[in-house]
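Visitor: Can you keep this structure in mind? I'll have questions shortly.
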Amino acid sequence: MKGGIAPAARLSDIPVTNAESPMSSDDLSIRPVARSDYDQWLPLWNGYNTFYGRSGATALSPEITAMTWARFFDAYEPVHALVAESGGELLALTHYLFHRSTTAIEPTCYLQDLFTSEAARGKGVGRALIHGVYEQARLAGSPRVYWQTHETNRTAMQLYDKVAEHSGFVVYRKLF
């Protein structure tokens, strides 16, 4: 376990208001990813990438996936992962990282990836993972968690509007 990562949380410890059919606290735990999770993490990771158009000819290289996985277990990396688990099955993942900022002394937390399996959607799992990242940020002394999503991801935005505020910033990028 990387330093500063809290143990698994139960869903009952995480606010799940407005979820369509929330899972009971006995059904779901939010915890740091473990090396033994790879075979269940990989299909979720692939599902996330497919959702954002990274499949087939545009798929990430296996080297990127391998490096992403390795970073979760490297104490010198600022990249972390939480998973949602129920009955020994991984239902969802989130990846987040800490970085410095020119406007704060404390680290800033960027929630980079969030993906829930089709069967677990609408049950409070995504919300629970977001709150899991909030808790990790608090433990790291970070006063801020932020993320971005594509403007067409309306379903996710319905949740995001309930658990955070839209900053109004627009993202620009240049690929090389």
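The values are calculated or read from the model by the stated rules, or taken from the named source; none is laboratory data. None of the values given here were measured: they were computed from a predicted structure. Backbone-built Cβ (ideal geometry, glycine too); neighbour counts: all protein chains shown. Quick note on the areas: whole protein, heavy atoms, side chains included, nothing else; ligands and nucleic acids left out. Shrake-Rupley method; radii C 1.70, N 1.55, O 1.52, S 1.80 Å.
Visitor: Taking the chain as a Gaussian network, Cα atoms linked when under 10 Å apart, which of VAL83, VAL163, VAL33 shows the biggest mean-square fluctuation?
Guide: Highest fluctuation among the options: VAL163.
Visitor: Using DSSP to call loops (not H, G, I, E or B), can you name the trypsin sites (Lys or Arg not before Pro) in region 23-86 whose Cβ has at most 15 other Cβ atoms within 10 angstrom?
Guide: Qualifying residues, ordered by number: ARG54.
Visitor: Determine the per residue accessible area of the chain with all protein chains present and a 1.4 angstrom probe, expressed in square angstrom.
Guide: 61 Å²
Visitor: Once you have the Cα-Cα distance between GLU118 and ALA75, take 0.36 nm times their residue separation minus that, and quote the gain in nm to one decimal.
Guide: 12.3 nm
Visitor: If you count, for each residue, the other Cβ atoms within 10 Å and average over each peptide, how do 57-66, 139-148 line up from highest to lowest?
Guide: Those peptides, ordered most packed to least, come out 139-148, 57-66.
Visitor: Right, something else. Just want the answer: with Cβ charges of +1 for Lys and Arg and -1 for Asp and Glu, which residue in THR152, GLY88, ALA34 is farthest toward the dipole's positive end in the chain?
Guide: THR152
Visitor: Further question on the same structure: Which shape class applies to region 109-155: rounded if a/c is under 1.5, otherwise prolate when a/b exceeds b/c and oblate if not, where a ≥ b ≥ c are the square roots of the Cα gyration tensor eigenvalues?
Guide: Judged from the Cα gyration tensor, region 109-155 comes out oblate (a/c at least 1.5, b/c at or above a/b).
Visitor: Which value, in debye to the nearest 20, gives the size of the charge dipole of the chain about its Cα centre, when Lys and Arg are +1 and Asp and Glu are -1 at the Cβ?
Guide: That gives a dipole near 460 debye.
Visitor: If eta is 0.890 mPa s and T is 25 °C, what Stokes-Einstein diffusion coefficient results for the chain, Kirkwood Rh from Cα pairs, in µm²/s?
Guide: D = 145 µm²/s.
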